[in-house]
Structure formats: C-alpha cells, structure tokens
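Remarks on the structure that follows.
The values are calculated or read from the model by the stated rules, or taken from the named source; none is laboratory data. Here the structure is a predicted model, which means the values were calculated and not measured. All Cβ positions, even for glycine, are placed from backbone atoms using ideal geometry, and neighbour counts span all protein chains on display.
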Amino acid sequence: MRRSILLTALLAMVILATASLAVAQDIIEYEISFQGRLTDNAGIPVADGPHSFAFRIFNVPAGGSALWTEGPISISTAGGLFNHQLGSLTVLPQTLFQDHDALYLEIVVDGETQAPRTSLVSTPFTRVAGGLKVRRTTNDTVVIRTIPDAHQLSTYGSDGKEQIRLWGPSYGEIMLHEGDLTNDVTARLAANNSSGGELELRDNNGSTVIDLYGGLPGDASVFFPNNAINALEIKDEPGVASDIEGLNVLGLDGSYQTLLSRSITTPADGFVLAIGTVGMYMLHFSGTENKWAEFGVSDAAGSLPANQEMEVAFPLSAPSGLYKQTVTVHGLFSVAAGLSTFYLVGHKREGDFAIYDRQLSLIYFPTSYGTVEPTIVEAKPDRPAEQAPKVSVLTAANLAAEQAEAKTFNAERIARELTQVRSEMEVLKREMREQRNQNQQGIENEN
C-alpha cells in the first residue's frame, strides 16, 4: 500500500542543551523538530501503531548522495500523526548548514521512499536560541561564539582564549587581544555615541599608549607618549638656535660690524625669524658731538637690510652723562633647506659706543599663514647684496680673537674717555675757580 506524508508544521531548529551541558561541557546539539501525517493513497490515515522511518538529507532535490542519514527507526502514529526530532539519534553536523545554501529531506516509510523530497526552509539555518558556537572539526574546540544578551560575537584561538570581540549593546566596539598568558586587549576601535569614534592602542600590559578621539576638540583629540614625535618623524617642525655673549665689552669700530652670529640647519624651505638684542652705553658731553649708531639683523656679514638700520642717537645738546640703552631688532628671512647663517650687526656713524650683553635667537617656521614680506639685504656700494658672503658659525679661535680685539679696543676706549674726562674736568675746575673769583671780587666791590 502506497503511503504519503502531509507536513502539518514548518521545520524548526532548536537547541537542546541543559544548563549543565552548556556550561560544563560546552556542547550544543542541533535538532530539527519534524511533524507529519501518514495516509494511504485515498488520504485515509494509516492504522495506529509503529512504523519504520528513515530520514536522509541531500543538497539536491533529486538524485545525489545523502549528506546525512538517521534510521531506520520505529515511530508510532496516532490518527496518522507522528513527531520526530531529526538529529536526536545521529548528530546533525554544523557544516551541513554552513556549507550548503539549500538542503532537502527525504523520508523512507516501511521501506518505501516518499517523493518528492521536502525542502528545508530557512528557519533551520537562522533560528539559533541561546547563542551559537562554531567548533573546529579536528579537536572540537570553540572558534566562534555569539552571546546574544551581550550583543557579542567573539573568535577564539587554538589555546581557547578570546582573540577578537565585536560587541556593543549601546554602540559598536571591536577589541583585539594579544594572545599571550595575560591575553590583554591591545587594540580597541569604538563608535561612542557621545564622544564620536575612538581608536586606542595599548602596550603588552594593557596600558593605553596612543588614543585618538574623533569627537573631542583640540589637544584632547590625540594622546601620544611624550617622546613619540621627533625631527625624523616630522621633517618640517619648527626649531630654534641661539647664541649669547655677556662677558666682554665690544666697541663699535665704524664698519658694519658683526656683534654676534649663529647658524641654523633647516629641514625644509621656510622662514627664519632672527631676533637680536644688545646692551649699549656711551659717555656723552653736552655740546661736544652727536652720538649716532645703527643696529640690525642680516643674513649677510658686513651689511644691513634696508629696513634694519635701527638708529640710536643722542643730539649734541643732550645733557652730559653716561647713557645706557637696550636695543632689540628682528627680521624675517626666507630660507632654503640646509645651513643658513645670520648676523647681529652694529654700525657706528658718530661718537663712541660700547656694546656689552648681546643675544641672537633664530626661530624656524616651515609654513606661512598669510602674506610674508621677507627682510631683504640692502645692496651696499662696496658689496652688492647678492655677493654678500655666507660664513659659518664662528669658531673658538675666531671668538677668542674677537674677544681679545674687543678687550684691547675697550681698554683703549676707556683710556681715551678717561683722558677726555680729566681734560674736561680741568676745564670745569678752571671755569669754577674763575667764577668763584669773579663772585668774590663782586662781593668786595659792593663792600
């Protein structure tokens, strides 16, 4: 007698796992709940009682080889109805659902194959209650696991430790573990719903080393170690160079005189801001002569740019006395990558000046943020600007020679000024004596 099976319910995958099995043994068994009604050709239910059933799964609707088989087994019917859990006797392998896009169930009842095969709908592939664990076939260890309550998907290494975690009940986050004994998280990418995206890199102890925040302003958006940036990594970062002289007094000799020089090696084209400061003094006697000098910074020895002739002057009529003054000058110069030398220059036009504390500072900037009008060296009658020599930093011998020259000049200047002061004092004494004598004579005449 030919039999037929009427399916009265959709196939549904369930996971039968007691709490003890899931936790202690970490085992999950896949089963498909199957229900049908067995009738004869006229649609009349078969007699109640046991019948022989065998179940096979194929990846084609007809022909082919069975991928999975269970039975034959004895199943009792009542009113033609029967129920069975596919996989309860022969395990349904995970790969059966992972490796095939379509599967078909074939049923054999009392030795008679039922046709056509039944297509397994998508439910068995998608309804996985309580999380999914994917295992390696070689040693049955978990390599992928889902935890629905934590909104989490994790992968595991051959040692059983977590390697990658994707999760986020309120925002997305990816965490990477290093895989050693402590298995610390060493990389984290998060899409925080309040502070924007974040990329965090940690050392092998799990401490944060680099942190980037997409939603924070200014310096708070980037965190680096203190020694993370150097000139080799940022080739055009700003830089400085400087020189000072505060021990020896230098007299202006009437030439465009180098008071101090300093070189700077720039990593790229850009600009150098040269700032020079001098302390100067001069002894002035009213009515004797004007005092007039100029100072500036230059990128050529022996000359000053047109806008660098910063003047210091004392008129003939200024009161007698010892005058001290601090002069600061600056200039902005375009530079090419490499070595550039700059000079603090002084030039005496009238009178004598003594220069003591001197400082020259150079600041390199790689970028302009507006219009830049560089300081240009002025052409001198005896030396055009384009011919002005670039010299290197003064050597120790050069400095010693300059200092010796300055000491000699200073000693001669002091001796010369003292002689002049003594002479003027003698004149003043004579005038005072004459004035006193005149006053005395006037008193005597009145008496």
Do any residues in the stretch 297-316 that are touching a residue at least 60 places away in the same chain (Cβ under 8 Å) and more than 19 Å from ILE264 (Cβ to Cβ) have Cβ atoms under 6 Å from those of residues that are among the polar types (S, T, N, Q) and part of a helix (DSSP H, G or I), where the two are at least six apart or on different chains, and which pairs are they?
-> none
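Table: residues versus (1) outside the structural domain of LEU304 (by TED's automatic domain parsing); (2) at pLDDT below 90; (3) touching a strand residue (DSSP E or B) at 6+ places or on another chain (Cβ under 6 Å).
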| site | (1), (2), (3) |
| --- | --- |
| THR341 | no, no, yes |
| GLY346 | no, no, yes |
| TYR356 | no, yes, yes |
| GLY370 | no, yes, no |
Inside the stretch 288-312, can you point out the residues that are in contact with a Leu (Cβ under 6 Å, 6 or more places away or on another chain) and farther than 30 Å from LEU332 by Cβ?
-> ASN290
Run TYR323 past the list (1) touching a residue at least 60 places away in the same chain (Cβ under 8 Å); (2) among the aromatic types (Phe, Trp, Tyr); (3) over 30 Å from SER368 (Cα atoms) and report the number of the one that doesn't hold.
-> (1)
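Only one residue in VAL335, VAL327, VAL312 is surrounded by 14 or more Cβ atoms within 10 Å (Cβ to Cβ) and within 16 Å of ARG262 (Cβ to Cβ), so which one is that?
VAL335
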Could you list, in sequence order, the residues of the stretch 134-175 that are in a strand (DSSP E or B) and hydrophobic (A, V, I, L, M, F, W, C)?
-> VAL134, VAL142, VAL143, ILE144, ILE147, LEU153, ILE164, LEU166, TRP167, ILE174, MET175
When you scan the stretch 162-173, how many residues do you find that are out of contact with any His (no Cβ under 7 Å at 6 or more places or on another chain) and either crowded, with 16+ Cβ neighbours inside 10 Å or within 17 Å of ALA220 (Cα to Cα) (or both)?
-> 2
